[in-house]
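The values are calculated or read from the model by the stated rules, or taken from the named source; none is laboratory data. Keep in mind the model is a prediction, meaning the values are calculated, not measured. Cβ placement follows ideal geometry from the backbone for every residue including glycine, while neighbour counts extend to all protein chains displayed. Ligands, DNA and RNA are excluded from the accessible area calculation, which covers all protein heavy atoms including side chains. Shrake-Rupley method; radii C 1.70, N 1.55, O 1.52, S 1.80 Å.
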Amino acid sequence: MTPFLRKLLGMNWVLVLVMYGLLIFGLFMVESAARHLSYPAAMHDKFAHAGLYYAHMDKQWIAIGSVAFFAAAFVNYRWIRWLGIPVYMASLVLMLVAMKQETAVHQITLGPLTFQPAQLGIFSGILMISWLIQDLPKLHRMFASPIARIGIIGIVSAIPFLLVMKMGDMGSALVWIPVIVVALVVAGVPFRYLSFMTFVSLGLLPMIYFVALPLVSKRGPERIDLWLRMLQGREVDKNGDAYAPYYVSMAIGKSGWKGVGWNATADKGSLHARKLIPWETAHNDYIFGVIGEELGFRGSLLLITAFALLLIQCLFIAFYSKDTSGRLLVCLVVALFFSHIFENIGMDVLLLPITGIPLPLVSYSGTFVIICMFLLGLVQSVWIHRNDGVEEEPVEA
């Protein structure tokens, strides 16, 4: 049996099938969610409406992501982690460039690609943390101490976190928090250190909210205040700043068990067909609002179950990883996915304030779907190469 065939047969096919199931599900939902958007006039003869055009574009992103997935899966992740430093430095430079552009979404355009460097920053941060926690203790045993591990994780994550906050992208910044927490736990930081940092963080929370947050993000405090007023049942401007959370949560709340049906029209009671769900971002940030309205509770439950199966399968792979690097890598990918899923769904059902981040593998998100598939390819690589050249764990001081 050839090495390629051995790797192919040795893949975790549950992970592969669930991932592509979510991608195919996303294609159908993008077709419905993007139907109100404009699209190039040259494509009008080929595609009857914008939903078909954006679904077609999403297929192209998925095709590129598939190449990234299988390339990452078949190459040993112990080699790929060396990409951490160049990608990390490039992401910091791109974030600084995006800040100077002073656009609303801080995107970078490189030829045909348009992406947010904040997404690249967290991807490279995951590679950096999993690499440094594994290999720095080999240089000196002091790097295996709890304080050193806290410092490594803190420094690697603090720089992109602060840059993202400075850009005003609260949603992408919040993703870092569970990633940092999971990194500390999986890296083996003792419970007493974690408890101390938790109490200090809780004590600093009022200062962060009332002093630091208004300095770096104008929209952040406004969205949190709006969310709190809506939770308390106080009067809000439904045609102003409360437009999105009100109508998205209304669309989900009224959908019932079956929903109004996929690609439903206004005659069937679809708020999205009447453009009441923010139609310009319904195919990415608010796609769960469209899913909840059209497919109802059963469709939403099926989607959440698929995501749960995907994340549980990743944790299963982490459990069988033979080294710290692989275990950290997989667990941080789980933390990243969970953060995006929880934030995206949570803001649509008023569990969280509006943050504006895509739903992994389902939203139309361009380069983000490639990053997600590449990260899942790394998870697959941890499974395929779990017994190849296993390195000994560093001994703590």
Karplus-derived 3J(HN,Hα), 6.51/-1.76/1.60, for each residue of the range 34-45, Hz, glycine and proline x: 9, 5, 8, 6, 7, 8, x, 4, 5, 9, 5, 6
Label-point separation, Leu231 to Arg386 (7 Å along Cα→Cβ), nm: 3.9 nm
Once you charge only the Cβ atoms, +1 for Lys and Arg and -1 for Asp and Glu, what is the size of the charge dipole of the chain about its Cα centre, to the nearest 20 debye? 300 debye
Using mean Cβ contacts within 10 Å as the protection proxy, how do 202-211, 43-52 order, highest first? 43-52, 202-211
Segments 380-387, 249-256 sorted - mean Cβ within 10 Å per residue, highest first: 380-387, 249-256
On each of the three principal axes of the Cα atoms of the chain, give max minus min coordinate, whole Å, ordered largest first. 67, 59, 41
I need the calculated FRET efficiency for the pair Ala41 and Val97, taking r as the beta carbon distance and R₀ as 25 Å, to the nearest 0.05. 0.20
So what are the ³J(HN,Hα) numbers for the range 274-286, from phi and the Karplus equation (6.51, -1.76, 1.60; θ = phi - 60°), rounded to whole Hz, Gly and Pro as x? 8, 6, 7, 6, x, 6, 6, 10, 5, 7, 10, 5, 10
Is it possible to state the helix-based mean residue ellipticity at 222 nm for the chain, with each DSSP H run of 4+ residues giving -39500 (n - 2.57), the sum divided by total residues, to the nearest 500 deg cm²/dmol? What is it? -22000 deg cm²/dmol
Inter-site label distance for Ile147 and Leu309 at 7 Å from Cα along Cβ, in nm: 4.9 nm
Would you work out the relative contact order for the chain, in percent, from Cα pairs under 8 angstrom that are 6 or more residues apart? 28 percent
Of all the C-alpha pairs in the range 196-292, what % are more than 18 Å from each other? 58 percent
Please compare each pair in Lys218/Lys238; Lys100/Lys275; Lys7/Lys59; Lys238/Lys268; Lys7/Lys322; Lys254/Lys275 to a cut-off of 28 Å on the Cα-Cα distance and tell me which ones are over it. Lys100/Lys275
Per the rule of 0.36 nm per residue minus the C-alpha distance, extending Met207 to Lys258 adds in nm 13.9 nm
Using modelled amide H (1.01 Å from N, peptide plane; none on Pro or chain starts), what sits under 5 Å from the amide H of His385, excluding residues fewer than 5 places away? none
What distance in nm separates the two pseudo spin-label positions at Lys166 and Leu302, each 7 Å out from Cα along the beta-carbon direction? 4.6 nm
Excluding ligands, DNA and RNA, what is the solvent-accessible area per residue of the chain at a probe of 1.4 Å, expressed in Å²? 46 Å²
